[in-house]
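Before any comments, here is the structure.
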Amino acid sequence: MAKLSLTAMLNRCFRYSFSKAGLRSSTMDLGDGTVMHVWVPKVHIKSKPTLILIHGIGANAMWQWYDFVSPLMSGFNVYVPDLLFFGDSYTARPERSEQFQAQCVMRVMEAHGVTVMNVVGISYGGFVGYSLAAQFKERVEKLVLCCAGVCLEDKDLEEGMLQVKSVDEAVSILLPQTPQKMRELMKISFYKPRKGVPTCFLNDFIREMCSEHLQERKELIQALHKDRKLSNLPKITQPTLLIWGEHDQIFPLELGHRLERHLGDNAKLVMIKNAGHAINVEKPKVLHKHFKYFLIDTFRPMESGNHSNGCKTD
């Protein structure tokens with residue numbers, strides 16, 4: 001008798017919620033050994049702007065954006081791709097850079113008739129979103145980066161800015177294969193980590209979400225850190241909102257300030273209080289308000305609470 005998987009049940013619930021919100025699942029062969037899966041609107045409304053939500057390292061896109069799809073659908077044509085080696089997306093090609101990920105996202109968007117878009121990327125998805133804005137300047141109108149350390153440098157590991165001391169240690173935590181490593185990941189991802197999560201559930205989640213394409217995902221993380229220098233990071237020109245958890249331990253807040261300085265007047269940093277790296281889980285309502293205000297109402301993000309060198313919001 002097959003074991004009941006809570007993770008698989010939740011995955012089915014998320015699929016239902018995406019469908020109910022007005023999205024459908026689409027898998028497209030790009031013709032070079034690359035297959036991209038993306039959630040697309042059942043009906044694309046031309047009068048609405050288009051918004052691409054790009055997930056980070058972890059489970060598939062549904063697990064990271066399920067709180068956002070329904071409220072965002074009223075104002076946008078929302079597209080939610082699975083990046084390569086997540087969900088149903090994969091490639092036989094050897095490229096592992098965020099630049100290649102961005103090219104594949106753009107190709108699948110073009111295949112769906114989308115040429116101009118706004119982009120939101122969280123964590124690793126922010127690296128891909130930044131690359132989209134750099135490579136396709138005329139097609140990305142506005143960019144939101146959530147806890148995305150795109151200005152990370154090699155020396156940051158050596159100088160102790162991050163919680164990990166090496167790329168291999170980062171891989172072991174970001175791609176957990178044991179309940180102990182999963183608990184370490186939860187500890188550094190959340191401002192207030194959930195305690196008492198049963199080991200059986202952690203094992204189930206690892207089996208269902210963290211085992212497939214493991215080697216390829218390791219290579220994605222390794223490529224992210226290889227020869228990384230701020231001087232090599234292109235300065236994008238699109239209006240950019242940077243949103244950061246005050247207590248982010250994966251990509252510390254200093255990286256947000258560094259990126260804001262790098263981009264100059266085109267960027268604004270907003271700090272979310274009482275939140276860690278997983279701000280999409282800890283502060284979804286606050287995050288959604290910033291998305292709406294920046295992408296629809298105005299370039300300038302909401303200013304509430306005390307602020308210096310970037311806003312602070314509850």
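Numbers at a glance
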{"item": "Scan of the range 85-99 for residues that are closer than 14 Å to G58 by Cβ and either touching a Lys or Arg at 6+ places or on another chain (Cβ under 9 Å) or of a type in the set (F, W, Y) (or both), ordered by number", "result": "F85, F86"}
{"item": "The range 248-265, residues that are farther than 24 Å from M186 by Cα and open to solvent by less than 10 Å² (accessible area, probe 1.4 Å)", "result": "L259"}
{"item": "Inter-residue pairs, beta-carbon under 8 Å, first in contact (Cβ under 8 Å) with a residue 40 or more places away in the chain and among the aliphatic types (A, V, I, L, M) and in the range 175-201, second open to solvent by 50 Å² or more (accessible area, probe 1.4 Å) and outside any helix (DSSP H, G or I), 6+ apart", "result": "I188/Q163; I188/Q249"}
{"item": "Scope the range 174-229; condition within 24 Å of D154 (Cα to Cα) and not in a helix (DSSP H, G or I); matching residues", "result": "L175, P176, K226, D227, R228, K229"}
{"item": "Filter result for the condition that a residue is part of a helix (DSSP H, G or I), open to solvent by 10 Å² or more (accessible area, probe 1.4 Å) and closer than 22 Å to E184 by Cβ, over N280, N274", "result": "N280"}
{"item": "Looking only at the range 132-169, and only at residues there that are open to solvent by less than 10 Å² (accessible area, probe 1.4 Å) and part of a helix (DSSP H, G or I), the one that is farthest from Q64 (Cα to Cα)", "result": "D156"}
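The values are calculated or read from the model by the stated rules, or taken from the named source; none is laboratory data. Treat the numbers as computed from the prediction; the structure is a model and nothing was measured. Methodologically, a virtual Cβ is constructed for each residue, glycine included, from the backbone with ideal geometry; neighbour enumeration extends over all protein chains shown. With ligands, DNA and RNA removed, areas are computed over all heavy atoms of the protein, side chains included. Shrake-Rupley method; radii C 1.70, N 1.55, O 1.52, S 1.80 Å.
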